[in-house]
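Chemist: This is the structure I have questions about; it appears just below.
The values are calculated or read from the model by the stated rules, or taken from the named source; none is laboratory data. Quick caveat: nothing in here was measured; it's all calculated off a predicted structure. So basically every Cβ, Gly included, is an ideal-geometry build from the backbone, and we count neighbours across all protein chains shown. Keep in mind that these areas ignore ligands, DNA and RNA; they rest on the heavy atoms of the full protein, side chains included. Shrake-Rupley method; radii C 1.70, N 1.55, O 1.52, S 1.80 Å.
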Amino acid sequence: MKRTLVVANWKMNLNTHEASTLLHRLHEYIPAHRDIEVVLAPSTLVLQPLSIEIDRRKFRLAAQNAYHRDSGAFTGEVSYTMLRELVHYAIVGHSERRIYFNETLETIRDKVAAAIRNDIDPILCVGETKQERTDGETKIVIHDQIVTALAHLTSEEISRVVIAYEPVWAISTFGGEVAKPDDIEKVIAQIRHTISELYGATVAEDIRILYGGSVDENSVTTYLAVPGCDGALVGSASLNYRKFAAIVEAAYQQHYTEIIRGDG
Ligand code: PGA
């Protein structure tokens, strides 16, 4: 059975002191669960100090963003090469980056390749906007996002990728509408189908697919119960240690229930 992955995306919140305080609270409230992987994605500035403080039996770090070239005259950028000792994962293609920073399918493809090249596992975010959903384009949008982003990888490298399905309209930043489990299940199945066609059934089965979009301590169990869903990417609720600890606990309970039932 795959380990459930719970990722905290702190976005552009928390300075070094605040991040350290939150980490200590999380450390207090979250026990080490063997089958649950908890990943924290603070701002780039905070990665270094947090990497020294973190208890690696409980938490892993993720970058929220980096530049796809390894070094050079790119004023203001931080490369995946610079992050490779600090983080295990990197979020790539988050909708806020696609929308606010004009990241294209190709930019995201280059970032996924740069992360892999630097031994960092990408958490690739995909998802349709409200307009695309209304226009019936969800399938094609997600298909294009997946196919382009993974274009430069071998099947072996694909197995290191985590995919997060985050419908843009369900993210708290963009309206936070509630996504229905049925809809999420369909898209997750479609993502596996696309990967299966490109890289084979085993890769498709093994790849971890998360759900993200207004996940909180109340909704997490419903989302984790969606067939094919291997975890959650959490934004605003991850800034509150009680909420985030409750989310991790719910993930643990869910995982345990599935083991008892013999699923997965
Ligand atoms: P949210 O954010 O949980 O605040 O909706 C999720 C995300 O943007 O990854």
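Chemist: Among the listed residues Tyr223, Tyr211, Tyr252, which satisfies the condition of being in contact (Cβ under 8 Å) with a residue 24 or more places away in the chain and part of a strand (DSSP E or B)? Steps first, please.
Modeler: Values: Tyr223 fails: part of a strand (DSSP E or B); Tyr252 fails: part of a strand (DSSP E or B).
That would be Tyr211, the only listed residue that is in contact (Cβ under 8 Å) with a residue 24 or more places away in the chain and part of a strand (DSSP E or B).
Chemist: Restricting to region 74-99, give me the number of residues that are more than 16 Å from the ligand (Cβ to nearest atom), over 21 Å from Ile209 (Cβ atoms) and either modelled with pLDDT of 95 or more or assigned to a strand (DSSP E or B) (or both). It would help to see each step written out before you state the result.
Modeler: Initial filter on region 74-99 (more than 16 Å from the ligand (Cβ to nearest atom)): 74-88.
Within this subset, residues satisfying the condition of being over 21 Å from Ile209 (Cβ atoms) are 74-86.
Now narrow it down to the ones that are either modelled with pLDDT of 95 or more or assigned to a strand (DSSP E or B) (or both): 74-84, 86.
Of the residues in that region, 12 qualify.
Chemist: Now, a different point. Which members of region 143-165 meet the condition of being β-branched (Val, Ile, Thr) and open to solvent by less than 60 Å² (accessible area, probe 1.4 Å)? Walk me through it before giving the result.
Modeler: In the first step, residues of region 143-165 are kept if they are β-branched (Val, Ile, Thr); the result is 146-148, 154, 158, 161-163.
Correct list: Ile146, Val147, Thr148, Ile158, Val161, Val162, Ile163.
Chemist: When the residues of region 100-109 are filtered to those that are under 21 Å from Leu233 (Cα atoms) and open to solvent by 50 Å² or more (accessible area, probe 1.4 Å), which remaining residue is nearest to the ligand (Cβ to nearest atom)? Even if it seems obvious, please write down each step before you answer.
Modeler: Applying the first criterion (under 21 Å from Leu233 (Cα atoms)) to region 100-109 yields 100-101, 103, 105, 108-109.
Now restrict to residues that are open to solvent by 50 Å² or more (accessible area, probe 1.4 Å): 100-101, 105, 109.
Working: Tyr100: 12, Phe101: 14, Leu105: 19, Arg109: 20 Å.
Step by step, filter region 100-109, then rank; the result is Tyr100.
Chemist: Hey, another quick one. Starting from residues that are in a helix (DSSP H, G or I) and not aliphatic (A, V, I, L, M), keep the ones in region 255-264 and report whichever is least open to solvent (accessible area, probe 1.4 Å).
Modeler: The extreme case among them is His255.
Chemist: Do you know which residues across region 29-53 are part of a helix (DSSP H, G or I), open to solvent by 10 Å² or more (accessible area, probe 1.4 Å) and touching a residue at least 12 places away in the same chain (Cβ under 8 Å)?
Modeler: Of all residues in region 29-53, those part of a helix (DSSP H, G or I) come to 29, 44-53.
Keeping just the survivors that are open to solvent by 10 Å² or more (accessible area, probe 1.4 Å) gives 29, 44-45, 48-49, 51-53.
Hits for region 29-53 are Tyr29, Thr44, Leu45, Gln48, Pro49, Ser51, Glu53.
Chemist: Quick one: Ala114 ticks every box in (1) open to solvent by 10 Å² or more (accessible area, probe 1.4 Å); (2) over 30 Å from Asn218 (Cα atoms) bar one, so which box is it?
Modeler: (1)
Chemist: Only one of these is away from the ligand (no atom under 16 Å from the Cβ), crowded, with 21+ Cβ neighbours inside 10 Å and over 18 Å from His94 (Cβ atoms): Ile195, Ile247. Name it. Steps first, please.
Modeler: Numbers: Ile247 fails: away from the ligand (no atom under 16 Å from the Cβ).
Just one listed residue meets the conditions, Ile195.
Chemist: May I pose another question? Could you check Thr129 against (1) within 26 Å of Pro42 (Cβ to Cβ); (2) within 16 Å of the ligand (Cβ to nearest atom); (3) free of Cβ contacts under 8 Å to residues at least 60 places away in the same chain and say which number it fails?
Modeler: Evaluating Thr129 over (1) within 26 Å of Pro42 (Cβ to Cβ); (2) within 16 Å of the ligand (Cβ to nearest atom); (3) free of Cβ contacts under 8 Å to residues at least 60 places away in the same chain leaves (1) as the failure.
Chemist: Next up: Filter region 58-95 for residues that are crowded, with 22+ Cβ neighbours inside 10 Å and more than 28 Å from Asp35 (Cα to Cα) and give the result.
Modeler: Within region 58-95, Ala66, Ser95 qualify.
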